[in-house]
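Note sheet for the following structure.
The values are calculated or read from the model by the stated rules, or taken from the named source; none is laboratory data. Because the structure is predicted, anything quoted here is derived from the model rather than measured. With ideal geometry, Cβ positions are generated from the backbone for all residues, glycine too; neighbour counts draw on all protein chains shown.
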Amino acid sequence: MAGAEKNYNEKPVFCLTLDQEWVSEDCLEDVLSRLEAWDCPATVFVTHSSAALSGHAAANRRLHLGLHPNFLPGSTHGGSEEEVLEHCFSLVPGADSFRSHAFYENTPLLRRLKARGIRYDSNLCLYLQTGLVPLAHCTGLIRFPVFWEDDVHFGRDGASWELRDYLDLFRAPGIKVLNFHPMNISLNVPSDSFYRKIKAGLDEKWRSVSAPDLASLAWEGPGTRTFLEQILDLIREEKLVLLNLRELHERCAKIGKP
């Protein structure tokens, strides 16, 4: 097909992203192995060092890593914005993209990120809005808004896990950045109440949960993972484009910058 920069106004162009979110090695291994089995490129926004993530990234050139800094009070990344930046760049040296925890940002911070080599981000959620395009931010960063996010979806009353109920939106032209969280995929989370119940039950084991526990706790009905599988089926069946965020940025490099 033609480059995404010529195509997203005519067809949907998909981009899969994951926020690492301090999950366990077994959870990451589960999700990254699924992505490989599905032959699925992705960008992972990194919160902490992980042997599983490093191993998969070394073996898979289409697994792209960006930063997922937590600037909120009580962050394990640091007590100030500068401390958080130092820590996160130590996790992914040479990182060129980011998405903040809770989409936190301010203009001076974005300028500092750009000065340190960040070229583009996905730090804005425009849930199910069609016709999305790369945005040229006043700082010089290029922004790729999130089209769909798992916890936003299951936090809404009456949300369906049948893609057919949203098919017109997913088929509509525009950039479709999808944001998933590994735990939500592993557990196939169907609702906010399910998520909170499992998290409360695991308590301190939440960030070290094992593969057997993940398997036993996973929801067996429609949920986050089955929705992702439906999206991937749609992309394959209709021969649509699926990229990681770096690939999307490269294809859209001709978009004007401020």
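Within region 76-93, residues that are more than 23 Å from Val23 (Cβ to Cβ) have Cβ atoms under 6 Å from residues that are surrounded by 13 or more Cβ atoms within 10 Å (Cβ to Cβ) in these pairs: Glu81/Phe71; Glu81/Leu109, counting only partners at least 6 apart in sequence or on another chain.
Within region 90-111, the set of residues being surrounded by 15 or more Cβ atoms within 10 Å (Cβ to Cβ) and under 11 Å from Pro69 (Cβ atoms) comprises Leu91, Val92, Ala95, Phe98, Arg99, Ser100, His101, Tyr104, Glu105, Leu109.
When region 207-239 is examined, which residues are found to be buried (at least 18 other Cβ atoms within 10 Å of the Cβ), aliphatic (A, V, I, L, M) and assigned to a loop (DSSP other than H, G, I, E, B)? Residue satisfying the conditions is Val209 alone. The residue pairs whose first member lies in region 177-198 and is at negative phi, whose second member is assigned to a strand (DSSP E or B) and among the charged types (D, E, K, R), and whose beta carbons are closer than 6 Å, counting only pairs six or more residues apart or on different chains, are Asn179/Glu149; His181/Asp19.
In region 61-70 there is no residue matching the filter, namely being among the polar types (S, T, N, Q) and out of contact with any helix residue (DSSP H, G or I) (no Cβ under 6 Å at 6 or more places or on another chain).
Pairs are defined by a Cβ separation below 6 Å, a sequence spacing of at least 6 or placement on different chains, a first member in region 11-24 that is on the phi > 0 side of the Ramachandran plot, and a second member that is modelled with pLDDT under 95; the pairs so defined are Trp22/Arg207. Summed over region 108-136, the residues that are in a helix (DSSP H, G or I) and out of contact with any strand residue (DSSP E or B) (no Cβ under 9 Å at 6 or more places or on another chain) give a count of 6. Reported count of residues in region 66-88, each being assigned to a helix (DSSP H, G or I), more than 11 Å from His48 (Cα to Cα) and in contact with a Leu (Cβ under 9 Å, 6 or more places away or on another chain), is 2. For region 98-126, residues that are farther than 15 Å from Val84 by Cα and in contact with a Phe, Trp or Tyr (Cβ under 6 Å, 6 or more places away or on another chain) total 3. Here is a check on your reading of the model: is Arg251 touching a residue at least 40 places away in the same chain (Cβ under 8 Å) and either farther than 16 Å from Leu18 by Cα or not polar (S, T, N, Q) (or both)? Spelling it out, Arg251 is indeed touching a residue at least 40 places away in the same chain (Cβ under 8 Å) and either farther than 16 Å from Leu18 by Cα or not polar (S, T, N, Q) (or both).
Looking across region 149-189, the residues that are over 21 Å from Trp22 (Cα atoms), in contact with a Leu (Cβ under 9 Å, 6 or more places away or on another chain) and of a type in the set (Phe, Trp, Tyr) come down to Tyr166, Phe170. Pairs meeting the criteria (first residue in region 115-141 and without any contact (Cβ under 8 Å) to a residue 40 or more places away in the chain, second residue among the hydroxyl-bearing types (Ser, Thr, Tyr) and assigned to a loop (DSSP other than H, G, I, E, B), beta carbons under 8 Å, at least 6 apart or on different chains) are Asn123/Ser100.
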